[in-house]
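For reference, the structure is listed below as structure tokens.
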Amino acid sequence: MTTTVPKHAIPVVQVENVLLGARKLGLDCDDILMKAGIPPLLLKSSLGRVSQRQFARLLRLIQRETHCEFWGLCSKRIKVGTFAQCCQLMVQAETLGEALRSGAHFYHLVFDDFTVRIQHSEGLVWVRLHREVELDECGEFAERAFMFFAYGLISWLIEEAIKVDVVRMTGTRSMGQGDASLLFNAQVFFEQSENAFGFDPKWLDCAIRQDQVSLHRFLRSSLGHLLVRYRDRSQASERVRCFLRQHLSEGSITLEEVAYAIGIPSHTLRRNLRLEGHRFQELKDAVRRDASVNLLSCPNLSIMEVAERLGFSEASTFHRSFKKWTGVTPGDYRQDSLAN
């Protein structure tokens, strides 16, 4: 039996980050969370996750409450619709290089806190964020969010995940940047002097494959989707995740069974996962955790049915696992997430 569910869930640390501007403005963040269907209690656990749908709704709500497209994080309000206007310019370009220059120039007119620079050095083309003012915690996250969305956007423009060679980020991994290597499909260096990512200049010659029609569909979709859409499907960890997502009900599946199914010797798969910084059981737990977050938001499924779809033979076992993964029980999570 196969089960189709949304692929990835969002760590609650990112929820905390996007709320920084709202908190600075004195808004009722618990009320915003409840309207987004996110239990405020979930934020008390560093292990918690929310669905992409919940996260996307939260982004829209914060934009509406702050009247700012960047969620009140910057020193001045960024009008809602700014991103769409930039995209309108970029889809008219013929190549990615031309689109990048147009986008960087556009945001130079928008942001006061930092400048987007496209530069060539070290044999790479770099998207660099140059600070114009000393940034607080809100500004730090604004830069990181801009980096994530910029990468997702330019990959969307050419309909291919750009292979990033290196990512440099200010701050430490503990600042909610632990998933950065997954988002960029690249090694990330922390505590750097700038936020930047570099890639092979050959990508600049890629043709823009989007138009006004596809842009309209793109802008209607979740911005949160950009954070997970363009992962490198050739990586061993992504191939394992994909297989596990398609066989959620087979809870006892082993690494050897996955290796056989995707045509890789088990010792090779284990080594490749280790080189990518992953362990099979951790991937398995993460896939089931993300699926559970999404399935629990479906009111027509009982908790026992959710457990069965995840390969648990008993609801009590699922109960213990979910609390270990998120810090709250399935019942508490469902009650609060469906309350709105």
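The values are calculated or read from the model by the stated rules, or taken from the named source; none is laboratory data. Here the structure is a predicted model, which means the values were calculated and not measured. Using ideal geometry, Cβ is built from the backbone for each residue, glycine included, and neighbour counts are taken over all protein chains shown. Only protein heavy atoms, including side chains, enter the accessible area calculation; ligands, DNA and RNA are left aside. Shrake-Rupley method; radii C 1.70, N 1.55, O 1.52, S 1.80 Å.
At-a-glance table
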read-out	value
Selection count, region 64-81, where residues are in a helix (DSSP H, G or I) and among the polar types (S, T, N, Q)	1
Unique match (being open to solvent by 30 Å² or more (accessible area, probe 1.4 Å), at negative phi, under 19 Å from the mean Cα position of the chain (by Cα) and among the acidic types (D, E)) among E132, E160, E137	E160
Residues of region 261-282 satisfying the condition of being open to solvent by less than 10 Å² (accessible area, probe 1.4 Å) and under 30 Å from P39 (Cα atoms)	none
Pair list, Cβ < 7 Å and 6+ apart or interchain, from region 247-275 residues that are under 27 Å from S292 (Cα atoms) and small (G, A, S) to residues that are open to solvent by 40 Å² or more (accessible area, probe 1.4 Å) and in a loop (DSSP other than H, G, I, E, B)	S249/M1; A259/P265
Residue within region 197-217 that is more than 25 Å from L59 (Cβ to Cβ), open to solvent by 70 Å² or more (accessible area, probe 1.4 Å) and modelled with pLDDT under 90 present	no
Among the candidates K284, K323, residue that is in contact (Cβ under 8 Å) with a residue 24 or more places away in the chain and charged (D, E, K, R)	K284
Odd one out for A84 among (1) at pLDDT below 95; (2) open to solvent by less than 10 Å² (accessible area, probe 1.4 Å); (3) part of a helix (DSSP H, G or I)	(2)
When residues of region 31-76 are limited to those that are within 23 Å of T326 (Cα to Cα) and charged (D, E, K, R), the one modelled with the lowest pLDDT	K44
Enumeration of residues in region 7-44 that are open to solvent by less than 30 Å² (accessible area, probe 1.4 Å) and small (G, A, S)	A9, G21, A22, A36, G37
Residue match in region 176-188 (condition: crowded, with 16+ Cβ neighbours inside 10 Å, among the β-branched types (V, I, T), more than 27 Å from S46 (Cβ to Cβ) and touching a residue at least 12 places away in the same chain (Cβ under 8 Å))	no
Every pair of residues 6+ apart whose Cβ atoms lie under 7 Å, when the first sits in region 88-100 and is under 21 Å from R220 (Cα atoms) while the second is among the aromatic types (F, W, Y)	L89/F106
Matching residues in region 271-327 - criterion: being among the small types (G, A, S), outside any loop (DSSP other than H, G, I, E, B) and within 16 Å of L244 (Cβ to Cβ)	A286, A291, S292, S321
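Condition check ((1) surrounded by fewer than 20 Cβ atoms within 10 Å (Cβ to Cβ); (2) at pLDDT below 90; (3) touching a helix residue (DSSP H, G or I) at 6+ places or on another chain (Cβ under 6 Å)) across all residues:
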{"site": "A236", "(1), (2), (3)": "no, yes, yes"}
{"site": "V240", "(1), (2), (3)": "no, no, yes"}
{"site": "E257", "(1), (2), (3)": "yes, no, no"}
{"site": "M304", "(1), (2), (3)": "yes, no, yes"}
{"site": "K324", "(1), (2), (3)": "yes, yes, no"}
